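The structure appears below as structure tokens.
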Amino acid sequence: MITANFPVDPDGRTHHVGLKRGEVANRIVTVGDKARAHTLALLLDQDTAGRARFVHESPRGFYTVTGTYQGIPVSIVAIGMGMAMMDFFVREVRAVVEGPMVIIRLGSCGTSGRAQLGDIIVPDQAIAVTRNYDYFLTGHGEAYHLTKPVACDVQLGQAVRAARVKQGLNATCDSFYSSQGRQNHDFVDANRGIIDQLKRTYPQFISMEMETFMLYHLASVSAMPDGDTVNILARAPQPSVRAAAAMMVFADRAGDQFIDRAVAQQLETAVGQAVLGSLVANVTDTA
Ligand code: R1P
Ligand code: URA
């Protein structure tokens, strides 16, 4: 029977991500777009000696490749954009994977000036920036709400961080446009001051994108079956999902420049290799 609480089809496939037990590994690299997933899939062990590789696209556009990297099972999952898609992805893969999980997001981001085009940022913390709809209804309060920071998994963050990588606080925004301070004359966005507000509130602010906070947040409240799922202040003593992110700087907002597509593709392969390497090599307590 399909329940309304957590719908899965008769084969056990979750309703949006479309995966069932055995189709997704407990070590995952998640990306935004399918082309990046294809680039990363080329880095996986190739199909010799009949080693099968699983590929699946759900009707909602979640695209999964499962194979091995250096002999260890890994999945690459393209989820699209935004915190809601990250929420679907993390919850639905968690539901069909046994035991501890490690998830690294390989994404792109903009920077307000503390980094340069083509830099890699591994944010040790992330906040969410959300539009305050009441401000646009009433004119009262702030137009955007900034949360407190949530941290990545320390060990995993260190593993992903290589010599050239920058760190800092990432702002995960609920829009590419309004809450990232892009000016658009078609809408009232009240966002001229948002980047300065971020810099003032969080001096370590370095990057803006649209998913990482949700990944860190869900990891921070994930619990092993015997963990404390009730007292959120106590936090799950042993999170069942450990998370980090590596983000390529595609937009320099201070210099108003966007990365060249060819440069971005080279970057994706290099960062992909580093991320897959840390996913399989440096994380000790994952099956
Ligand atoms: C916007 O262009 C998209 O790029 C960033 C943002 O978070 C948003 O999803 O990440 P990805 O490159 O991973 O999609
Ligand atoms: N992704 C974002 O969300 N913002 C940028 O400026 C670049 C990539």
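The values are calculated or read from the model by the stated rules, or taken from the named source; none is laboratory data. What you see is a predicted model; the values in this text were computed from it and never measured. In this analysis, Cβ positions are derived from the backbone assuming ideal geometry, glycine residues included, and neighbour counts consider all displayed protein chains. The accessibility values were calculated without ligands, DNA or RNA, using every heavy atom of the protein model including side chains. Shrake-Rupley method; radii C 1.70, N 1.55, O 1.52, S 1.80 Å.
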Compute the relative contact order of the chain as a whole-number percentage, counting only Cα pairs closer than 8 Å that sit 6 or more residues apart in sequence. 23
Let me have the 222 nm mean residue ellipticity of the chain computed from DSSP H runs of 4+ only, each contributing -39500 (n - 2.57), with the sum over all residues rounded to the nearest 500. -7500 deg cm²/dmol
List the lysines whose Cα sits under 24 Å from the Cα of Lys148, skipping any in the same chain fewer than 8 residues away. Lys166, Lys199
Over 31 Å, how big is the tail of the calculated P(r) for the chain, in percent of all Cα pairs? 28
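Extension gain Ala223-Thr68, at 0.36 nm per residue separation less the Cα-Cα distance, in nm?
Answer, rounded to one decimal: 53.2 nm.
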Cα centroid separation - the range 54-95 against the range 140-204, whole Å: 25
Segment Met1-Ala95, extension gain: residue separation times 0.36 nm, minus the distance between their alpha carbons: 32.2 nm
Rounded to the nearest 10 Å², what accessible area does Leu267 show when all protein chains are kept and the probe is 1.4 Å? 20
In whole percent, the fraction of accessible protein surface over the range 27-281 that belongs to carbon or sulfur atoms, probe radius 1.4 Å, stands at 54
Which FRET efficiency, nearest 0.05, do Gln238 and Thr201 yield, Cβ-Cβ r, R0 41 Å? 0.85
Using the Cβ atoms and a cut-off under 13 Å, what net charge is assigned to the surroundings of Ile121, where Lys and Arg are +1 and Asp and Glu are -1? +1
May I ask for the net charge around Arg261, where only other residues with Cβ less than 14 Å from the Cβ of Arg261 are counted and Lys, Arg are +1 while Asp, Glu are -1? -2
What do you get for Rg/Rh over the range 121-163 if you use C-alpha atoms and the Kirkwood form of Rh? 1.27
Accessible area expressed per residue, the range 38-158, with surrounding protein chains retained (probe 1.4 Å, Å²): 45
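Can you tally the net charge around Gly110? Count Lys and Arg as +1, Asp and Glu as -1, for every other residue whose Cβ sits under 14 Å from the Cβ of Gly110.
Here the count lands on 0.
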What length, rounded to one decimal in nm, is gained on full extension from Lys34 through to Asp11, with 0.36 nm per residue of separation minus their alpha-carbon distance? 5.8 nm
How high is the FRET efficiency from Ala262 to Ala162, r the C-beta distance, R0 30 Å, rounded to 0.05? 0.85
Take the chain, connect every pair of alpha-carbon atoms lying under 10 Å apart with a spring to form a Gaussian network, then pick out the residue of Tyr135, Tyr63, Tyr202 with the largest mean-square fluctuation. Tyr135
Check Met210: other-chain or 5+ apart residues with amide H under 5 Å from its amide H, H built from backbone geometry? Cys173
Where Asp174, Asp134, Asp45 fall by accessible area, highest first, once all protein chains stay in place (1.4 Å): Asp134, Asp174, Asp45
Helix 261-281: inclination vs the chain longest Cα principal axis, degrees, rounded to 10, gives 50
Determine the percent antiparallel among the DSSP beta bridges restricted to the chain, to the nearest 5. 45
